[in-house]
1. Roll a 1.4 Å probe over the protein chains and send me the accessible area per residue for region 1-110 in Å².
2. Between region 1-38 and region 91-136, what's the alpha-carbon centroid distance in Å?
3. Taking loop as defined by DSSP and a crowding limit of 13 other beta carbons within 10 Å, which chymotrypsin sites (Phe, Trp or Tyr not before Pro) in region 83-136 fit?
4. Taking all protein chains in place and a 1.4 Å probe, what share, in percent, of the accessible surface of region 1-52 do carbon and sulfur account for?
5. Dipole size in debye (nearest 20) for the chain around its Cα centre, Lys and Arg Cβ +1, Asp and Glu Cβ -1?
6. When only Cα pairs under 8 Å and 6 or more residues apart are kept, what is the percent relative contact order across region 1-118?
7. Modelled label-to-label distance, A21 and A67, 7 Å Cα→beta-carbon offset: nm?
8. Using a cut-off of 15 Å between beta-carbons, work out the net charge of the residues near R128 (Lys and Arg +1, Asp and Glu -1, R128 not included).
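The values are calculated or read from the model by the stated rules, or taken from the named source; none is laboratory data. Note that this is a predicted model, so its numbers are computed, not measured. Reconstructed Cβ throughout: ideal geometry from the backbone, glycine too, with neighbour counts over all protein chains shown. Protein only, heavy atoms only, side chains kept; ligands, DNA and RNA dropped before computing areas. Shrake-Rupley method; radii C 1.70, N 1.55, O 1.52, S 1.80 Å.
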Amino acid sequence: MLTVPARTWLRTDERGLPVAAEPVAGTEYDLRTPRAVGALRLDTPFGDLDRDADGRAVVRLAHPSGAFGTDVWLGEGAQYVQLYTGDTLPPRERRRAVAIEPMTCPPDGFRSGTGLVSLGSGEQYTVRWGITPWQE
């Protein structure tokens with residue numbers, strides 16, 4: 001079961017480069033409530049993340065029983081998340097896991113400038129994220 005607290009997904013072209021942000025509502029990418037991954041193919045960036053009172057967005061991958069799973073939390077500086085189900089890998093390696101990648105900007109940020117963080121000499125930028133396994 002996968003939960004992604006994102007209000008938008010980034011539609012990509014044949015090279016996997018983002019071309020437009022679209023609302024998740026009413027699409028197969030609406031993962032704001034827990035949903036079985038099933039046949040859903042993901043190599044997909046998500047944005048406009050809903051955050052809790054601590055400023056964290058939590059992507060949850062849970063066993064169908066809901067008894068255990070893993071949360072990947074995105075805190076300060078992590079504005080996007082990329083999810084990947086491995087469908088483009090060789091057959092023996094496909095769908096063996098779900099990759100969850102916190103990101104500061106969407107893919108191709110250097111070209112588009114979207115979410116790009118530029119630092120001058122001596123400047124810093126902090127990104128906080130983490131992984132929390134859990135069991136009920």
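1. I get 54 Å² per residue for region 1-110.
2. Cα centres, region 1-38 to region 91-136: 16 Å.
3. Y125
4. Carbon and sulfur atoms account for 50 percent of the accessible area of region 1-52.
5. Values: 15 positive and 18 negative charges, 69 e Å.
Its charge dipole is roughly 340 debye.
6. 23 percent
7. For A21 paired with A67, the spin-label model returns 4.0 nm.
8. On the way: positive: R51, R56; negative: D52, D54, D71, E76, E101.
Taking every other residue near R128 into account, the sum is -3.
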